[in-house]
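**Student:** Here it is, the structure in full.
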Amino acid sequence: MSNIPQEAVVAQRKVVDKFNVNKYPFYQMHTQMRHGFTIDGTWHLNGVDVRPEFIGKIPKKFDFDVIMFLDIDALPLNDKAIDLYVQQAYDGALVGNIQRTNHIQNGEHTFVAPSAMAISVSTFLTIGKPSAIETSRSDVCEEYTWLAEKKGIKVIKYMPLRFEGKPAESDSWALATGMPHYGRQTTFGDTERETFWHNFQSVHPGQHEKFMAKCEELLNNGEINGKQIDVQQQASS
């Protein structure tokens, strides 16, 4: 959105370009829509109709078998991370960083969050092509996990391995009982590898500098080869 400094957009693009070893097409969406609406709009760009108000307004621009969502303040940590998530999604799983929204009372349900999430078109259709919009039981995209679990789709949730900063409102955020906590600047992965880093609450004071420092840590010199699309359509719920 327009509150994201352009240097952060450029820096993320450079990091993704560095670690995108298979050169999957990478698009950064400039949007004034809420998070869930933008995700729904991305499906329309790939020819999958999710919301009726977008039909005829967002023309098809892609034709991909797998879609991976990456928040503007999330970064791959190595040259295996993107390919790992995409391949697991291609094999039929819903895969990505685990999250729990603590203000929603839904039985400590954890879900694959769109900070770094991959899903195939086939799997998305199998779970009923749900909207990513928040519901009474779900945060953005959490319905994907609810429906995948109901359908027996494999759900791969990469855990927080560590975090560097406390959230603004607490010492940390809890997942389900017995699971690790997470916070700002969380590194996700499993026992074999680190995958993605997410700078939660990135628009808070001081967080932009931490994001830029992480990009600098990960970067080498190189040209930018990604693409950018402007998605400015407005929608209402």
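Readers should treat all values here as calculations from the given coordinates under stated rules, not as data from a laboratory. What you see is a predicted model, and the numbers here were worked out from it, not measured in a lab. All Cβ positions, glycine included, derive from the backbone under ideal geometry; neighbour counts span all protein chains shown.
**Student:** Within segment 57-71, restricting attention to residues that are within 18 Å of residue 37 (Cα to Cα) and not charged (D, E, K, R), which residue is surrounded by the most Cβ atoms within 10 Å (Cβ to Cβ)?
**Tutor:** Selected residue: 70.
**Student:** Need the failing condition index for residue 9 against (1) of a type in the set (Val, Ile, Thr); (2) in a helix (DSSP H, G or I); (3) surrounded by 16 or more Cβ atoms within 10 Å (Cβ to Cβ), just the number.
**Tutor:** Status for residue 9: all satisfied but (3).
**Student:** Continuing with this model, one more query. Return the residues of segment 134-163 that are in contact with a strand residue (DSSP E or B) (Cβ under 9 Å, 6 or more places away or on another chain) and among the polar types (S, T, N, Q); say none if nothing qualifies.
**Tutor:** Of everything in segment 134-163, those that are in contact with a strand residue (DSSP E or B) (Cβ under 9 Å, 6 or more places away or on another chain) and among the polar types (S, T, N, Q) turn out to be 138, 145.
**Student:** Scan (1) hydrophobic (A, V, I, L, M, F, W, C); (2) touching a residue at least 40 places away in the same chain (Cβ under 8 Å); (3) over 17 Å from residue 143 (Cα atoms) for the single condition residue 55 breaks and write down its number.
**Tutor:** It fails just one condition, (2).
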